[in-house]
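See below for the structure under consideration.
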Amino acid sequence: MTGLRLILLRHAKSDWAAGLDDHDRPLNRRGRLAAALMGAWAREETLIPALALISSAVRTRETWARMGLEAPAETRPALYEAEAETILEEINLTEGAASPLLVLGHNPGIHDAANRFLSHGVIDAFPTAQAAVIGFEVATWEEVRFSTGRLLALARPKDLV
């Protein structure tokens, strides 16, 4: 498949420490390990993003940091608990054809967006630290639309151990 590849990634497992605002929750031990596993998977599959768009939440930024990928990244506050439409808008705001593009966010938006991007098929579940790689037959991110992508890969930490 030619065109662009999108990696949708849900943040790794977070901690529910008392007194912390949802936005400020860090990863727990399992989440830190899962983020490292997903970084190793991305390197092994040659899926180092040309650009990563990351929610402003602590757990998404920590997931990205612990993946250990050498790639440019932008924190996008609009991705914090974003719905599918907002995720599409943020992708469409990305200029050019940097591919693959990684969007690191939260459920239920990431799961809903993944399913809405697919031209057919359904991803039944989207647990923490899962990644879906979706291909689009377009030249720029501004052209990406729902129902036009094809699932190329699905990966989650428990399948990589």
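Only the coordinates and a few stated rules stand behind these numbers; no lab work does. Since the model is a prediction, treat every value here as computed from it, not as a measurement. Neighbour counts are summed over all protein chains in view; Cβ atoms, including those assigned to glycine, are modelled from backbone coordinates with ideal geometry.
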Look through region 68-92, keep the residues that are touching a strand residue (DSSP E or B) at 6+ places or on another chain (Cβ under 7 Å) and not in a loop (DSSP other than H, G, I, E, B), and return whichever of them is nearest to Val58 (Cα to Cα). Thr75
Going through region 102-118 one residue at a time, which ones are farther than 16 Å from Val138 by Cβ, free of Cβ contacts under 8 Å to residues at least 40 places away in the same chain and outside any helix (DSSP H, G or I)? Pro108
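One line per residue, one yes/no per condition, for (1) of a type outside the set (Gly, Ala, Ser); (2) in contact (Cβ under 8 Å) with a residue 60 or more places away in the chain; (3) not in a helix (DSSP H, G or I):
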| site | (1), (2), (3) |
| --- | --- |
| Arg30 | yes, no, no |
| Leu33 | yes, yes, no |
| Leu37 | yes, yes, no |
| Ala40 | no, yes, no |
| Thr46 | yes, no, yes |
| Ala52 | no, no, yes |
| Arg59 | yes, no, no |
| Glu62 | yes, no, no |
Looking only at region 32-65, which residues are in contact with a Gly (Cβ under 9 Å, 6 or more places away or on another chain), surrounded by fewer than 19 Cβ atoms within 10 Å (Cβ to Cβ) and of a type in the set (Lys, Arg)? Arg43
Of the residues in region 105-146, those that are touching a helix residue (DSSP H, G or I) at 6+ places or on another chain (Cβ under 7 Å), of a type outside the set (Phe, Trp, Tyr) and surrounded by fewer than 19 Cβ atoms within 10 Å (Cβ to Cβ) number 5
Ser99: in contact (Cβ under 8 Å) with a residue 24 or more places away in the chain, in a loop (DSSP other than H, G, I, E, B), under 23 Å from Arg25 (Cα atoms) and of a type outside the set (Lys, Arg), yes or no? no
